[in-house]
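Trainee: My questions will all concern the structure given below.
The values are calculated or read from the model by the stated rules, or taken from the named source; none is laboratory data. From a predicted model like this one, the values you see are computed outputs, not experimental measurements. Neighbour counts are summed over all protein chains in view; Cβ atoms, including those assigned to glycine, are modelled from backbone coordinates with ideal geometry.
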Amino acid sequence: MSFLKDNTCTVRHAVGPESARSALQWIKGLPDEAWKPVDPRRSKDRSRIKFTARFFHAASDAWATRVPPELLALGEEAMEEVRAVVPGAPWGDFQIDTLVLNRYPAGKGVHAHKDPEQWVPLVLGVTLYEDAFNSPVNKMEFAHGRDKWIVPTPHRSAYVFHGQAYTDATHARKPCSKKQRGHVYSLTFRSYAA
Ligand SMILES: O=C(O)CCC(=O)C(=O)O
């Protein structure tokens, strides 16, 4: 259990209300066709956009070629807050060059999985709610064998996981509440390993 606890963290209010508002406005302005299925065989599930300048085996035309400056600014703001709280993560190798943006309607989440080793073993995830006031708080779940560790992700929070929590554990977005209003957006900032 200890590495799940030690190598994961959530920071409340990691981004300011104005930054959150303008990022949400930018995201909501994206055309619907920008959203791609996580699994290409399930074309109705349009829930993800990936931005990166670097490609690896799973990349495809669906990837935009850079992290848009409007969203990069949000990641950098969160990084400043989180690195002060989690100094032990590999921040020296972490220069945001990739963003995986997920949108979750009520009841949806992401099943347990690991991320590719082509990225630095550190994920910085900012969570934004379209209607934070009327939506229950959603969570991330980290698991290793029988050990599980839950990290709450309220509006404007940033979670981080790194080291063995990245390489050895799985992570999942718990299904959002059926009572959720609007979408929950997760912006996971990553850095390609040199
Ligand atoms: O919703 C999240 O923050 C996690 C998303 C995720 O696990 C992924 O995109 O690989």
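Matching residues to (1) assigned to a loop (DSSP other than H, G, I, E, B); (2) farther than 25 Å from PRO17 by Cα; (3) of a type outside the set (Phe, Trp, Tyr):
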{"site": "GLU70", "(1), (2), (3)": "no, no, yes"}
{"site": "GLU80", "(1), (2), (3)": "no, no, yes"}
{"site": "ALA84", "(1), (2), (3)": "no, no, yes"}
{"site": "ALA89", "(1), (2), (3)": "yes, yes, yes"}
{"site": "ILE96", "(1), (2), (3)": "yes, no, yes"}
{"site": "VAL100", "(1), (2), (3)": "no, no, yes"}
{"site": "GLU117", "(1), (2), (3)": "yes, yes, yes"}
{"site": "LEU124", "(1), (2), (3)": "no, no, yes"}
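Trainee: Answer yes or no as to whether THR153 is buried (at least 18 other Cβ atoms within 10 Å of the Cβ), within 14 Å of the ligand (Cβ to nearest atom) and at pLDDT 95 or above.
Mentor: Taking the combined requirement at face value, the residue satisfies it.
Trainee: Another question, if that's okay. With the requirement that a residue be surrounded by fewer than 16 Cβ atoms within 10 Å (Cβ to Cβ) and touching a residue at least 60 places away in the same chain (Cβ under 8 Å), what does segment 107-124 give you?
Mentor: Residues of segment 107-124 that are surrounded by fewer than 16 Cβ atoms within 10 Å (Cβ to Cβ), as a first pass: 107, 111-114, 116-118.
Across segment 107-124, the qualifying residues are GLY107, HIS111, ALA112, PRO116, GLU117, GLN118.
Trainee: Restricting attention to segment 160-169, does a residue exist that is within 12 Å of the ligand (Cβ to nearest atom), of a type in the set (Ser, Thr, Tyr) and assigned to a strand (DSSP E or B)?
Mentor: no
For every residue, the table says whether it meets (1) within 18 Å of THR8 (Cα to Cα); (2) touching a residue at least 40 places away in the same chain (Cβ under 8 Å).
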| residue | (1), (2) |
| --- | --- |
| ARG66 | no, no |
| GLU76 | no, no |
| ALA84 | yes, no |
| PRO87 | yes, no |
| PRO90 | yes, yes |
| ILE96 | no, yes |
| VAL100 | no, yes |
| PRO105 | no, yes |
